[in-house]
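The values are calculated or read from the model by the stated rules, or taken from the named source; none is laboratory data. Note that the structure is predicted; figures quoted are calculated from it, not measured. Cβ placement follows ideal geometry from the backbone for every residue including glycine, while neighbour counts extend to all protein chains displayed. Only protein heavy atoms, including side chains, enter the accessible area calculation; ligands, DNA and RNA are left aside. Shrake-Rupley method; radii C 1.70, N 1.55, O 1.52, S 1.80 Å.
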Amino acid sequence: MKVTEYLKNTDKTHFSFEILPPLKGQSLTNLLEGITPLMEFNPPFIDVTYHREEYMYKKHANGLLEKISTRKRPGTVGICAAIMNKFKVDAVPHLLCGGFSKEETENALIDLYFIGVENVLALRGDAPKLEPNFVANKDGHQFASELVAQITGMNQGKYLHDETEIGFQTDFCIGVAGYPEKHFEAPSLNFDLKKLKAKIDAGATYIVTQMFFDNQKYFDFVEKVRAAGINVPIIPGLKPITTLSQMVNLPKMFFLDLPDDLMVELEKCKNNADVKEVGIEWAIQQSKELVKYGVPTLHYYTMSKADTTYKVAKEVF
Ligand SMILES: Cc1cc2nc3c(=O)[nH]c(=O)nc-3n(C[C@H](O)[C@H](O)[C@H](O)COP(=O)(O)OP(=O)(O)OC[C@H]3O[C@@H](n4cnc5c(N)ncnc54)[C@H](O)[C@@H]3O)c2cc1C
């Protein structure tokens, strides 16, 4: 079923979450066992992230460095199939512009549709580590809006290189990313909102937000998105903070602020166990306020730490 249908068919807030594929060389068993307790909260869908190639340098005996391309977390499509099979829950794969030509995107979408995937989250992705800026692949997309347009085209039966023939129509429900605290490359929030509107105009029917720790940022964002003429559901993304290092890393990696009230509590923490307690309590309070506000689903970034999400969900759902 489509994400938007789940969100329409109920007046209560759903529970949903995102997982990361395991590192290359690790089995899927731990991940699937780890998320099994979360099924208690009846998630209608589970997102599976996509990880593009990264570059590393291998030093040879003669001193020369060889640039190697590798994907640390492959397996997104396989995990989607495993989730649908094991839990009978819809899987939402993330699909990137980065690392894909349009042809590879088309083939990936055909595979996904044939295994029964009905939803995709269409994203641009970032530059590989060690590279300063995002550059589209040869014959790939520069912005997520172009990827959305390609998927919409397939929903209308349009395939690459088949100018005249109308082929089999897929029926993907397309989600896109939104940034309550602005995407880091956008010169202003209004500019970013115009680009968000372009993704909706290209055929996306729901938005999932970047994580935020101050609900007011989400409420303000929703108001501005609506003022920009966008009327699709806006799913808030939440992440309980769990380690001391995340106080520095989350703002650095995701370009967001941690609110002062949260920082006061975090600064009292002596170790990760203390941080986890504060993070869980903060996420519970955030979640309860968002439920009251009437959000369609609370979407948790588990970062493969399902136990933390479980403790939050137990108090909210
Ligand atoms: C919910 C969520 C899930 C994510 N999942 C993944 C994942 O699985 N794997 C992964 O690698 N990354 C993931 N990301 C990260 C994402 O790929 C990055 O944030 C990336 O930098 C931007 O992706 P986007 O789809 O928002 O890009 P876009 O919507 O293309 O926007 C990127 C930037 O370009 C600007 N822009 C857009 N269109 C134009 C235009 N026509 N002209 C000029 N500027 C323009 C925008 O304002 C923005 O600053 C996720 C992010 C979120 C919020």
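Quick rundown of the values:
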| quantity | calculated |
| --- | --- |
| Tensor-based shape of the chain (alpha-carbon gyration tensor, a/c under 1.5 rounded, otherwise prolate or oblate) | rounded |
| Above-threshold pairs, the threshold being 24 Å between Cα atoms, out of K2/K217; K182/K252; K129/K270; K270/K311; K67/K129 | K2/K217; K129/K270 |
| Cα gyration tensor shape for segment 16-156, rounded if a/c is under 1.5, else prolate or oblate | oblate |
| Residues whose placed amide H lies under 5 Å from that of L121, excluding near-sequence neighbours | H94, L95, G175 |
| Over 26 Å (Cα to Cα) - which of K102/K239; K138/K195; K158/K239; K24/K305; K59/K138; K197/K314 fall in this group | K102/K239; K158/K239; K59/K138; K197/K314 |
| Under 5 Å, built H, 5+ apart or other chain: amide partners of E54 | T70, R71, K72 |
| Segment 99-152 and segment 63-83: distance between their alpha carbon centers, rounded to Å | 16 |
| Estimated vicinal HN-Hα couplings, Hz - segment 87-94 in sequence order (Karplus 6.51, -1.76, 1.60; Gly, Pro = x) | 9, 6, 10, 5, 9, 10, x, 8 |
| Carbon plus sulfur fraction of accessible area for segment 110-197, probe 1.4 Å, in percent | 53 |
| For segment 1-127, size of Cβ-based charge dipole, Lys and Arg +1, Asp and Glu -1, in debye | 400 |
| Under Karplus coefficients 6.51, -1.76 and 1.60, residue-wise ³J(HN,Hα) of segment 143-150 in Hz, glycine/proline x | 10, 4, 4, 6, 5, 4, 5, 5 |
| Surface per residue (accessible, 1.4 Å probe) for segment 36-169, Å² | 53 |
| Shape call, segment 238-317: gyration tensor on alpha carbons, a/c limit 1.5 | prolate |
| For Y300, residues with placed amide H under 5 Å, excluding near neighbours | S16, F17, E18, L238 |
| Per-residue ³J(HN,Hα) for segment 182-191, Karplus 6.51 cos²θ - 1.76 cosθ + 1.60, θ = phi - 60°, Hz, x for Gly and Pro | 6, 5, 4, 8, 6, x, 7, 5, 4, 4 |
